[in-house]
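FYI, it's all coordinate maths here, none of it is from the lab. Computed from a predicted model, the values in this text were never measured in an experiment. Cβ placement follows ideal geometry from the backbone for every residue including glycine, while neighbour counts extend to all protein chains displayed.
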Amino acid sequence: MPRSPKICSPYLPGLVSREAPAARSSDQVATDERIDNIRVLPLRSPSHVSSHGGAISQRAAVERMKLWENGRHLRVKFLDGIPEVQSKVAAIAKEWEAVANLTLDFVTSGPAEIRISFAEQGFCWSTVGTDALTVAADAATMNYGWLEPTTSLREYQRVVRHEFGHALGMIHEHQNPAALGQIPWDKEKVYAYYAQQGWSRDDTDSNIFQVYSEDSTNHTTFDPTSIMEYAIPDALTVGSYSIGWNTTFSPTDIEFMRRQYPKASPGLLELTIGGARTNADLSTGGEIDTYHFEVAAAATHIMSTEGPSDTVLTLHGPNDPGAVLAWDDDHGKGLNGRIVRKLSPGSYWLSVRHKNPAATGSYTIGVKKQG
Ligand SMILES: [Zn+2]
């Protein structure tokens, strides 16, 4: 039996609810932070049923994420710990800035979105993405329970890259729905193995065997080389199958996080009803552009994309950026989206993505009253 691995504790909000229920739901917090944390993805359908300006049809899949707003400066604060260990953690955490369009600002006082403690010995864990906002302001959102000044650099890299992956919205790779059936677990041996470090069968179920639902993923295929994968010793699987400790970002980790936090995204832009169309680019694979407009008086509005790209247009609101009112793929000019809908007074948001998550291209967007 190999040395007992050091892994994330069962405390992962969203998976195991040891905490008191948050005042706002974790989904609500996520969509308040970033409107496309609930994403409507068009599904291939043999009969192209008309959803012209209509509500969500069966042809859509909804994906729920816990991502921070793209371009965000996240404040990170140490609640305890010794300076030497803190500075090692900070240096490795900041590697994520080269991958994702986020800035980690280490602060020593005042509020912080990510709060790091070293107090809970023996456990390393982090909340996932915006779930950090559901944690009491004086409590930790991340813990490193075995990092010492003498711990190897490799171990620092492995756990800090992994825990900050959680903090930026990533889940465990073996709990990616695409991992289901990919790992030939010998379940009784796995229970016995983790029981040695104090895990109940429930703990093991929720951390090892339970996969997330299809609507929350890191990647569309299982990536055993992900920094978000645990080591899997051969002794815990049937036949010959093992995964070593991953200490570096895999190419898929980098590609996934670049898509979620694209450097070229313009941020939230304002649209004027009846104004000139706005020229824009989806310049990075997976980029999602978001727009806001205000409706002063109830009227039927036409919202559309135009141009050479196969865009998907999603309408959110009223007054709730996480609410999806309608989406459209191809009812506009060319392969563009067009939504016609009576809107009551309030705030609305439009998000634009390319139908093909790897593709880029230009488009224009506009909103006007009908007639
Ligand atoms: Zn983890």
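Here are a few things to note about the model shown:
- 12 Å beta-carbon shell around residue 129, net charge (K/R +1, D/E -1): -1
- Rounded to whole Hz, the Karplus (6.51, -1.76, 1.60) HN-Hα couplings of segment 201-208, x for glycine and proline: 4, 5, 4, 5, 4, 6, 9, 10
- Taking label positions 7 Å along the Cα-Cβ direction at both residue 119 and residue 196, the computed distance is 3.1 nm, reported to one decimal.
- Of all DSSP beta bridges in the chain, antiparallel share, percent nearest 5: 75 percent
- Estimated dipole of the chain in Debye, rounded to 20 [Cβ of Lys and Arg +1, of Asp and Glu -1, Cα centre]: 720 debye
- For segment 266-369, the relative contact order is 42 percent, taking Cα pairs closer than 8 Å that sit 6 or more residues apart in sequence and dividing their mean separation by the residue count.
- For a label point 7 Å along the Cα-to-beta-carbon line of residue 248, residues of segment 160-177 with backbone N under 16 Å: 161-162
- Charge dipole (the chain, unit charges on Cβ, about Cα centre) - positive-most of 304, 110, 87: 304
- Computed from the C-beta positions of residue 362 and residue 103 and an R0 of 35 Å, the FRET efficiency is 0.80 to the nearest 0.05.
- Per-peptide packing, taken as the mean over residues of other Cβ atoms within 10 Å, places 330-339, 236-245 in the sequence 330-339, 236-245 from highest down.
- Extension gain (nm, one decimal) between residue 369 and residue 148, 0.36 nm per residue minus Cα-Cα: 73.3 nm
- Spin-label model distance (nm) - residue 79 vs residue 297, 7 Å beyond Cα toward Cβ: 5.3 nm
- Above-threshold pairs, the threshold being 22 Å between Cα atoms, out of 333/355; 66/263; 88/263; 66/333; 333/369: 88/263; 66/333
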